[in-house]
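Read the structure below first, then the notes.
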Amino acid sequence: MTRSPILAALLLLAAACKGPAPDEGIALSPRAAKGKAMFSTHCAACHAPAAKLVGPPLSEMAALYATDPEGIVRWAVAPGRKRTDVPPMPSFRGVRESDLADVAQYIIEAGTAAGKQGP
């Protein structure tokens, strides 16, 4: 038995218990609202609002890509490896770029809100 599935489950549980959702109390744009469902299904296990799980928090991504949401899309399609202490992000090459753009918009809006709430 490996520790990876157990660790991933614990990290997901910890993220769920962190407190309010990063977008709680803010009005999401229509594009971000569409991206929220996909983010919740495919991204939330590794990315929390304001804390590092496996990947960086939404607040960090929002700060990096606030003016370049296409950068999130490019990364999702062809991710590199920035951190050697965690598994690399899987590619979302098979996902429509319009759907990834929705997720990117959600990351920016929810991450900006999470950054304002603090850790």
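Yes/no per residue for (1) in a helix (DSSP H, G or I); (2) at pLDDT 95 or above; (3) under 24 Å from residue 113 (Cβ atoms); (4) in contact with a Ser or Thr (Cβ under 9 Å, 6 or more places away or on another chain):
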position	(1), (2), (3), (4)
28	no, no, yes, no
45	no, no, yes, no
71	yes, yes, yes, no
75	yes, yes, yes, no
83	no, no, no, no
86	no, no, no, no
102	yes, yes, yes, no
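Look through the stretch 54-65, keep the residues that are more than 10 Å from the chain's Cα centre (by Cα) and touching a residue at least 24 places away in the same chain (Cβ under 8 Å), and return whichever of them is nearest to residue 84 (Cα to Cα).
54
Could you check residue 91 against (1) open to solvent by less than 80 Å² (accessible area, probe 1.4 Å); (2) outside any loop (DSSP other than H, G, I, E, B); (3) at pLDDT 95 or above and say which number it fails?
All conditions pass for residue 91, except number (2).
Find the residue count for the stretch 26-44, including only residues that are within 9 Å of the chain's Cα centre (by Cα) and open to solvent by less than 50 Å² (accessible area, probe 1.4 Å).
Result for the stretch 26-44: 3.
Filter the stretch 45-67 down to residues that are of a type in the set (D, E, K, R) and open to solvent by less than 50 Å² (accessible area, probe 1.4 Å), then give me how many there are.
Final tally of qualifying residues: 0.
Among the listed residues 86, 73, identify the single one that is within 18 Å of residue 100 (Cα to Cα) and open to solvent by less than 70 Å² (accessible area, probe 1.4 Å).
73
The values are calculated or read from the model by the stated rules, or taken from the named source; none is laboratory data. Because the structure is predicted, anything quoted here is derived from the model rather than measured. Positions of Cβ are generated from backbone atoms using ideal geometry, with glycine treated the same way; all protein chains shown enter the neighbour counts. Just the protein is used for accessible areas: all its heavy atoms, side chains included, with ligands, DNA and RNA removed. Shrake-Rupley method; radii C 1.70, N 1.55, O 1.52, S 1.80 Å.
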